[in-house]
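Everything below concerns the one structure shown next.
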Amino acid sequence: GAVVSQHPSWVICKSGTSVKIECRSLDFQATTMFWYRQFPKQSLMLMATSNEGSKATYEQGVEKDKFLINHASLTLSTLTVTSAHPEDSSFYICSALRPGPADTQYFGPGTRLTVL
Amino acid sequence: AQSVTQLGSHVSVSEGALVLLRCNYSSSVPPYLFWYVQYPNQGLQLLLKYTSAATLVKGINGFEAEFKKSETSFHLTKPSAHMSDAAEYFCAVSEGGANNLFFGTGTRLTVIP
């Protein structure tokens, strides 16, 4: 299977600071990556679709100015949570779309963000 | 519009017993269907996927799922549960490729020794 990594695996920050999360596809090139948010004991909710070399597409209700996404290369997408607040505390998971006859999303291990 | 319903947020089975996790979907076009497993504090791992080929799909770790169009179902099964199968399982549907996955709410599987 394909490998997708995320860094950091967990982060604790103070309210008002910004946090950057990296998502890398290690063994394939991904023109499309996705960012999800998962609250405790709930399903994944798609936040945005990240396309290499272009602006991300955000889902309804997701603040694009708060959740900045950059997909500067075919193997790296970053999510920056700006001016984080306690309600932003969550588990953030990225995935990378591996193209082929049957496209498949491969998921990273997730990043747990805690905002104090 | 697409949607996924996973019946039963919690399922408990004895070690060695049959595992059956239910998933029903709604889609306006022939769907792609996926099952993912999530272990605590980890991301999702693909178990198997249906992409309009064979209706019985075999995945990793002994799991399989059958696509039944008449029932709009894609239930996940495993003949004999192992302790290591304890995890959260998510069913997902996509209308064309894997670009827009819509996840169900998940089923937590507990395996009793």
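Out of all the residues in segment A:106-113, is one or more more than 14 Å from chain B (Cβ to nearest Cβ), surrounded by 17 or more Cβ atoms within 10 Å (Cβ to Cβ) and not in a strand (DSSP E or B)? No: zero hits. If the condition is being assigned to a strand (DSSP E or B), surrounded by fewer than 24 Cβ atoms within 10 Å (Cβ to Cβ) and more than 7 Å from chain B (Cβ to nearest Cβ), then segment A:94-105 contributes only A:R98.
Looking at B:V29, is it surrounded by fewer than 18 Cβ atoms within 10 Å (Cβ to Cβ), more than 22 Å from A:R37 (Cα to Cα) and either more than 13 Å from every other protein chain (Cβ to nearest Cβ) or of a type in the set (D, E, K, R) (or both)? Yes: the conditions hold for B:V29. Within this structure, A:A48 passes the test of being touching a residue at least 12 places away in the same chain (Cβ under 8 Å) and in a strand (DSSP E or B). Scanning segment A:1-29 for residues that are surrounded by 12 or more Cβ atoms within 10 Å (Cβ to Cβ), within 11 Å of chain B (Cβ to nearest Cβ) and not β-branched (V, I, T) gives A:A2, A:S5, A:Q6, A:S9, A:C23.
Listed by position, the strands (runs of 3 or more DSSP E) inside segment B:38-113 whose residues that are in contact (Cβ under 8 Å) with a residue 12 or more places away in the chain number at least 3 are B:44-50, B:64-68, B:73-78, B:87-94, B:107-112.
Residues that are at pLDDT below 95, hydrophobic (A, V, I, L, M, F, W, C) and buried (at least 19 other Cβ atoms within 10 Å of the Cβ) were ranked within segment A:70-93; the one that is nearest to A:T114 (Cα to Cα) is A:F91.
The values are calculated or read from the model by the stated rules, or taken from the named source; none is laboratory data. Since the structure is predicted, the reported quantities are computational estimates derived from the model, not experimental observations. Using ideal geometry, Cβ is built from the backbone for each residue, glycine included, and neighbour counts are taken over all protein chains shown.
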